[in-house]
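Here's the structure, in structure tokens; my notes come after.
The values are calculated or read from the model by the stated rules, or taken from the named source; none is laboratory data. Keep in mind that what you see is a predicted model, and the values were worked out from it rather than measured. We place every Cβ from the backbone using ideal geometry, glycine too, and count neighbours over all the protein chains shown. For accessibility, only protein heavy atoms count, side chains too; no ligands or nucleic acids. Shrake-Rupley method; radii C 1.70, N 1.55, O 1.52, S 1.80 Å.
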Amino acid sequence: MHRLVSLAATRPIRLVSTSASTSATTPTSAPKSKSRWLGFLFVGATATAAGIYVRQSNDSATLNQETFTKYSLVSREPVSTTSSLFTLRPRKFSEFNYDVYEDAWATGVWSVMFKQPQLQIGRDYTPLPTTAATGLSVEDENEGCLRFFIRKDPFGEVSRYLHTIEVGADVELRGPKIECAIPEETDEVLFIAGGTGIAPALQAGYSLLSRDGRRKIHILWANRLKDDCAGGQSDSLKLSAKQGWFSSWFGSKSETPQIVSVRDEDRSLIVRELEALKSQYPGQVTVDYFLDEDNTFIGKEAVRASIDSSSDSKSKLILVSGPEGFISYMAGPKLWAQGQELQGPLNGIIRELDLKDWGVWKL
Ligand SMILES: Cc1cc2nc3c(=O)[nH]c(=O)nc-3n(C[C@H](O)[C@H](O)[C@H](O)COP(=O)(O)OP(=O)(O)OC[C@H]3O[C@@H](n4cnc5c(N)ncnc54)[C@H](O)[C@@H]3O)c2cc1C
């Protein structure tokens, strides 16, 4: 039998999805003198490795980039009024899934494509890492289960479909696709997430912090509703009193991060995931919450305040993930050219901040 172990006790792993391109991308290590984009097309080690598993197993039971693999929906638990946690198990057991997932987790941020069979369309979703707090049972992990945090778009084809199928139904997945290979030398990440963009932030955290050395990640997470991040406690509020951070006000809006208070048992599942990451890596993770509902938002002040100029990190990376408009506002739009999605030039507030020594990557 291939490795059957508890992932909770070992390094978490992440995947990738196959959309227009099967190529993965990797930012360079943080530039020495100024922020810039480096969009190298990277048909890298992970893709190659995944190919090997496909050849080795040569069946549809192993997640792969060429064909869709059947999983079944084990459970769908509401996380908020607009999103749910999905758990999927491969329909047939494959001893190779563990290695496919592990390679992806070790590489960085990854996704898988879900197929909507009636319309024959696919959408990418981001597997969540496994934590002791809310994770899968050892049995589920050994069976190759994956979990996803998916927002239901009331007009969206695939997310709506996924929210209506019965538990036990088949769901076809293809991947993994590496969205961002976090360079080995990266020792500090600022992750700016909007909505479900938090899923890749959790991935980046697990991938980065499970590497050797004392690396750090700071997450800024913006949501529309309190319900989306109930119970979230912003870490920078502790600092703001001392250091005067986030003191700027722009009209009625504020860049002050929030405490979204609720009873412990009502804390959002994703907030509990973030707390679990903090407990697993004490002092290496900070999270700040922003809410449209409360007129707090991630602007220049919030980003600047998250950049610790006294940090001795050598290779620093900003990752931005969320809806298109959110990414454009933060870092300028991504571009489509010759059937490929490209990074596009750095724009938005990150460019205006002209941050030295930080690489930037749009997810
Ligand atoms: C790498 C990656 C990872 C992702 N991970 C996650 C994740 O973990 N969780 C998650 O929830 N999402 C994730 N997403 C987003 C996800 O892939 C889908 O884009 C999202 O679920 C919406 O898909 P849909 O099919 O439901 O909506 P779509 O059918 O694509 O529609 C999206 C919106 O566009 C509007 N629309 C569609 N067609 C038109 C038109 N012709 N004119 C005007 N408006 C139109 C619809 O009304 C709807 O509001 C990820 C995306 C990527 C690229």
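Brief remarks follow.
- Scope the range 142-177; condition open to solvent by less than 40 Å² (accessible area, probe 1.4 Å), part of a strand (DSSP E or B) and more than 6 Å from the ligand (Cβ to nearest atom); matching residues: L146, R147, V171, L173, G175, P176, K177
- Test: I150 is outside the structural domain of G194 (by TED's automatic domain parsing) and farther than 25 Å from L202 by Cα: no
- Answer from T130, T107, T134 - the residue that is polar (S, T, N, Q), at pLDDT below 95 and closer than 20 Å to I178 by Cα: T130
- Reported count of residues in the range 184-211, each being assigned to a strand (DSSP E or B) and of a type in the set (D, E), is 1.
- Top-ranked residue in the range 194-208 [being over 8 Å from the mean Cα position of the chain (by Cα) and open to solvent by less than 10 Å² (accessible area, probe 1.4 Å); ranked as nearest to the ligand (Cβ to nearest atom)]: G194
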